[in-house]
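For reference, the structure discussed in these notes is given below.
The values are calculated or read from the model by the stated rules, or taken from the named source; none is laboratory data. All of these numbers come straight from a predicted model, not from anything done at the bench. Glycine gets a Cβ as well: all are built from the backbone with ideal geometry, and neighbour counts include every protein chain shown.
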Amino acid sequence: MKLHQIISFACLFGVTAFGILPRAMAQTAAATACPAILQQQFPRLQDEAPQSLCQYAGKVVLVVNTASYCGFTKQYEGLEALYAQYQARGLVVLGFPSNDFGKQEPGSSKEIADFCFNTYGVKFPMFSKSVVSGAGRNPLYASLLKATGKSPQWNFHKYLIDRSGKGVTSFPSKIEPDNQGFVIAIEKALSQKL
């Protein structure tokens, strides 16, 4: 069991090796285990159920702004392949549909979810459509901009967040999921321990 899982368990049950913790102390310990960049919540694409990004603490997180009608949309296939290949080692891909660039994501959440699954077999976590650039960008993308100094210029921009949540690397849309340098960066992040 990893440290963040133990702390989450302690938070849930208020138990430690030293006995019962006051609930507030257990919750503080769990919040500390979740990096600041992941201390956010977004609705899941399929059903709008709120999802805490803290569930991905300790993983290597690949964040991608997606669109269904873009020249880069075929990258869904490569992103799903990366997720399938590296999920057991701790990679999670998070998709954030956005209509910011070229109005290439006009659909509803159901339409986007159906398209992703039926066309590309997407199983990695996807969130409801949101703004990823400009003044109205969602809080995660505001944090990613602050961490890298780079904002998405188009659909399928990628951010790779290391296990600590402190190291963030930005990759432009044209970098395909099977790009050798990109895959090396993912493997390097996966090999690093907390």
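Out of Ser128, Ser173, Ser191, Ser98, which single residue is free of Cβ contacts under 8 Å to residues at least 12 places away in the same chain and either out of contact with any strand residue (DSSP E or B) (no Cβ under 6 Å at 6 or more places or on another chain) or surrounded by 14 or more Cβ atoms within 10 Å (Cβ to Cβ) (or both)?
Ser191
What about Leu82, is it in the same structural domain as Phe171 (by TED's automatic domain parsing), touching a residue at least 40 places away in the same chain (Cβ under 8 Å), in contact with a Phe, Trp or Tyr (Cβ under 8 Å, 6 or more places away or on another chain) and aliphatic (A, V, I, L, M)?
Working: in the same structural domain as Phe171 (by TED's automatic domain parsing): yes; touching a residue at least 40 places away in the same chain (Cβ under 8 Å): yes; in contact with a Phe, Trp or Tyr (Cβ under 8 Å, 6 or more places away or on another chain): no; aliphatic (A, V, I, L, M): yes.
It is false that Leu82 is in the same structural domain as Phe171 (by TED's automatic domain parsing), touching a residue at least 40 places away in the same chain (Cβ under 8 Å), in contact with a Phe, Trp or Tyr (Cβ under 8 Å, 6 or more places away or on another chain) and aliphatic (A, V, I, L, M).
For region 137-154, what are the residues that are in a helix (DSSP H, G or I) and either in contact with a strand residue (DSSP E or B) (Cβ under 8 Å, 6 or more places away or on another chain) or among the hydrophobic types (A, V, I, L, M, F, W, C) (or both)?
Let us first name the residues in region 137-154 that are in a helix (DSSP H, G or I), namely 139-148.
Within region 137-154, Leu140, Tyr141, Ala142, Leu144, Leu145, Ala147, Thr148 qualify.
Residues in region 155-164: is at least one assigned to a loop (DSSP other than H, G, I, E, B), basic (Lys, Arg), under 21 Å from Ala36 (Cβ atoms) and over 14 Å from the mean Cα position of the chain (by Cα)?
No, every residue in region 155-164 fails to be assigned to a loop (DSSP other than H, G, I, E, B), basic (Lys, Arg), under 21 Å from Ala36 (Cβ atoms) and over 14 Å from the mean Cα position of the chain (by Cα).
I'd like the residue in region 135-149 that is in contact with a helix residue (DSSP H, G or I) (Cβ under 8 Å, 6 or more places away or on another chain) and not aliphatic (A, V, I, L, M) and, out of all such residues, is farthest from Lys59 (Cα to Cα). Before you say what the answer is, go through the steps one by one.
Going residue by residue through region 135-149, those that are in contact with a helix residue (DSSP H, G or I) (Cβ under 8 Å, 6 or more places away or on another chain) are 137, 140, 143-144, 147.
Subset that is not aliphatic (A, V, I, L, M): 137, 143.
On the way: Arg137: 24, Ser143: 17 Å.
So, considering only residues that are in contact with a helix residue (DSSP H, G or I) (Cβ under 8 Å, 6 or more places away or on another chain) and not aliphatic (A, V, I, L, M), the one farthest from Lys59 (Cα to Cα) is Arg137.
How about region 101-136: which of its residues are aliphatic (A, V, I, L, M) and either part of a loop (DSSP other than H, G, I, E, B) or out of contact with any Ser or Thr (no Cβ under 9 Å at 6 or more places or on another chain) (or both)?
Filtering region 101-136 for residues aliphatic (A, V, I, L, M) gives 112-113, 122, 126, 131-132, 135.
Passing the criteria: Ala113, Val122, Val131, Val132, Ala135.
Would you be able to tell me the number of residues in region 45-68 that are surrounded by 15 or more Cβ atoms within 10 Å (Cβ to Cβ) and either farther than 24 Å from Lys166 by Cα or modelled with pLDDT under 95 (or both)?
4
How many residues does region 69-124 hold that are closer than 21 Å to Arg163 by Cβ and small (Gly, Ala, Ser)?
4
Taking the condition out of contact with any Cys (no Cβ under 8 Å at 6 or more places or on another chain), surrounded by 15 or more Cβ atoms within 10 Å (Cβ to Cβ) and within 22 Å of Ile186 (Cβ to Cβ), does Ala147 pass?
Judged against the criteria, Ala147 is a match.
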